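Worksheet: one structure, shown below.
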Amino acid sequence: QVQLVESGGGLVQPGGSLRLSCAFSGGTFSLYPMGWFRQGPGKQRDLVATISSGGITNYADSVKGRFTISRDNARNTVYLQMNSLKPEDTAVYYCKASLALRVYWGQGTQVTVSP
């Protein structure tokens, strides 16, 4: 069974940076497209960024130029580097792995951007 564990969230001031990590276990990580999603208070869960098994990336317009998704297949980990953070980036950030009809989510990590 695939398991995902996010880490790296916290409280940061506007303009600051954080790097989120998602550790993958229980499967062949290199085969899985991976993604980061976020859910703000009272909002739906939205896509932030995705990375294919081959390393092709895709970003929500709201984070383009500020966030970078990457993966390390040797470490079975996907990262989200977040720069120039804004208060509207405040949310619980979730890692997702999906392959064919199999979809797995992590438990989420809180990111709060506040003075």
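Descriptive notes on the structure:
- Of Pro33, Pro41, Pro87, the one that fluctuates the most in a GNM where the chain has Cα springs shorter than 10 Å: Pro41
- Among the protein heavy atoms of the chain, carbon and sulfur supply 49% of the accessible surface, probe 1.4 Å, non-protein parts ignored.
- Inverse mean reciprocal Cα-Cα distance (Kirkwood Rh) of region 2-68, Å: 13.6 Å
- Heavy-atom surface of the chain, accessible at 1.4 Å and reported per residue (Å²): 52 Å²
- Across region 85-95, coupling constants 3J(HN,Hα) worked out from phi with the 6.51/-1.76/1.60 Karplus curve, θ = phi - 60°, read 5, 10, x, 6, 7, 4, 4, 8, 9, 10, 9 Hz, and Gly and Pro carry x.
- Here's how it looks for Val48: its modeled amide H is under 5 Å from those of Trp36, Phe37, Arg38, which are all 5 or more places away or on a different chain.
- Shape metrics for the chain, restricted to C-alpha atoms - Rg then Dmax, Å: 13.3, 42
- 10 Å Cβ shell holding at most 14 others, DSSP loop, trypsin sites (Lys or Arg not before Pro): longest site-free stretch of the chain: 1-42
- Length added when fully stretched, Ile56-Gln3, from 0.36 nm per residue minus Cα-Cα: 16.8 nm
- Estimated FRET transfer efficiency (Asn73, Gln39; beta-carbon r; R0 22 Å; 0.05): 0.20
The values are calculated or read from the model by the stated rules, or taken from the named source; none is laboratory data. Predicted model, so just to flag it, every value in this text is computed and none were measured. We place every Cβ from the backbone using ideal geometry, glycine too, and count neighbours over all the protein chains shown. In case anyone asks, the SASA skips ligands and DNA or RNA and just uses the protein heavy atoms, side chains included. Shrake-Rupley method; radii C 1.70, N 1.55, O 1.52, S 1.80 Å.
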